[in-house]
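The values are calculated or read from the model by the stated rules, or taken from the named source; none is laboratory data. Keep in mind the model is a prediction, meaning the values are calculated, not measured. Reconstructed Cβ throughout: ideal geometry from the backbone, glycine too, with neighbour counts over all protein chains shown. Side chains included, ligands, DNA and RNA excluded: accessible areas come from the protein's heavy atoms. Shrake-Rupley method; radii C 1.70, N 1.55, O 1.52, S 1.80 Å.
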Amino acid sequence: MKYIEIDEELYRHIASKTERIGESASDILRRLLGLDVETVEAPAPKHISQPSIEAQQVNPTPNLNVSATSLTVDGLIDKDNLAEQKGAVGRFLFCLEAIYNATGQQFDQVLQVQGRDRLYFATSKESLLKASKSANPKEIGQSGFWVTTNNNTAKKRTILSEVLTQFGVDAAQIEQVVNHV
């Protein structure tokens, strides 16, 4: 496997062409270039399963682990702290900020989580407001990423579930987290 460095604009373009969660950058480019995706003999390593790999990064995306006894995502989401958050929006933002803290630069994968006709994440408040005047965008901590918060609680859970799926969390662990939002 070879690694290339690309600028932010090109990365965003490639990421915007994602058709399914977990689609690798190689798969996206093969599809866009009209190359046969199934001709690749060896499966792509886990550390390039998302199109956000940086040239200097060769470590896999850290899997976020949820403990069955105390709700934690890699030790960052504590159920007591989560319970102290104000309402579903507060808990939703708290979880997203914890995921951001655990994943760092790879958090930009959340930009791939979108509705059919709706933008959920952006790097500016204005982008979300441009997509929907009623988005009620909130910044995720101090991350520079913004999320639409005017969805009902069930939709917030679905969005959070998709985000956790992006980072390799298994379904049982995802359920433990989203049921507390």
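Given their separation in residues at 0.36 nm each and the Cα-Cα distance between them, SER124 and LEU10 gain 39.2 nm when the chain is fully extended. For the set LYS2/LYS133; LYS17/LYS86; LYS2/LYS130; LYS86/LYS130; LYS79/LYS155; LYS79/LYS125, the pairs lying more than 31 angstrom apart at their alpha carbons are LYS2/LYS133; LYS17/LYS86; LYS2/LYS130. Exposure check, 1.4 Å probe, all protein chains in place: SER134 carries approximately 70 Å² of accessible surface. Express in % the proportion of alpha carbon pairs of region 83-181 at distances exceeding 15 Å. Tail fraction, whole percent: 58. Per the Debye formula with a single identical scatterer at each Cα and no solvent contribution, what log10 I(q)/I(0) holds for region 131-181 at q = 0.30 Å⁻¹? The computed values of log10 I(q)/I(0) come out as -1.13. Given R0 = 41 Å, the distance between the Cβ atoms of ALA154 and LEU35 translates into a calculated FRET efficiency of 0.55.
Write down, largest first, the equivalent ellipsoid semi-axes of region 87-145 in whole Å, where each equals the square root of 5 times an eigenvalue of the alpha-carbon gyration tensor. That gives 19, 14, 10 Å for the three semi-axes.
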